[in-house]
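Below you'll find the structure, written out as structure tokens, and then a few comments.
The values are calculated or read from the model by the stated rules, or taken from the named source; none is laboratory data. This structure is a prediction, so every number in the text was calculated from the model and none was measured. All Cβ positions, even for glycine, are placed from backbone atoms using ideal geometry, and neighbour counts span all protein chains on display.
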Amino acid sequence: MAGVTVDVCLAFAAMQAVDAGYSVYGVVDASGGLDVTTRELAIARMKDHGITPINWTTVAAELQRDWSLLTGQDLGRVFHDHYHSYGLLMDSFESVTANVVKGVLVERQGTPTLRPHPGITQEVAPNESQIGPKATTSEALIG
């Protein structure tokens, strides 16, 4: 649940829903607040009333459930663009995946290095569909 303001619209509706017997999750970053103090006090008040504060990314991930669904790549892109640490994770994964499609990571004295995969005779440029959740590293090398 979210509201125009965290301290009134969200808090009052959420507390009434708890009183009516519902389990309530308050999406605090989707609700406005005048300042940090107002937001923090509203969250503390809601927590005391049994409301679980969450953020929009938690709601989105729970609705997605399975990243292999059709909306998985689109939601991943939204997370990339709006959730900094997730964007860094995706960029790192895409970089490693692109390198592994071209060769094989080999451990040499604790330092990963690349060597050409014997089954690849020409350079492979992965497209977006190969980097997403439908193609894993092992599938790219085996298939």
| request: Restrict the check to segment 75-82 and report whether at least one residue is of a type in the set (Lys, Arg), part of a helix (DSSP H, G or I) and modelled with pLDDT of 85 or more. | output: yes
| request: Go through (1) exposed (fewer than 12 other Cβ atoms within 10 Å of the Cβ); (2) farther than 30 Å from residue 92 by Cα and name the single condition residue 63 misses. | output: (2)
| field | Cβ pairs under 8 Å, 6+ apart, first in segment 71-90 and more than 16 Å from residue 56 (Cα to Cα) and buried (at least 16 other Cβ atoms within 10 Å of the Cβ), second acidic (Asp, Glu) and at pLDDT below 85 | value | 73/128
| query | Does segment 1-35 hold any residues that are of a type in the set (D, E, K, R) and exposed (fewer than 15 other Cβ atoms within 10 Å of the Cβ), and which are they? | reply | 19, 35
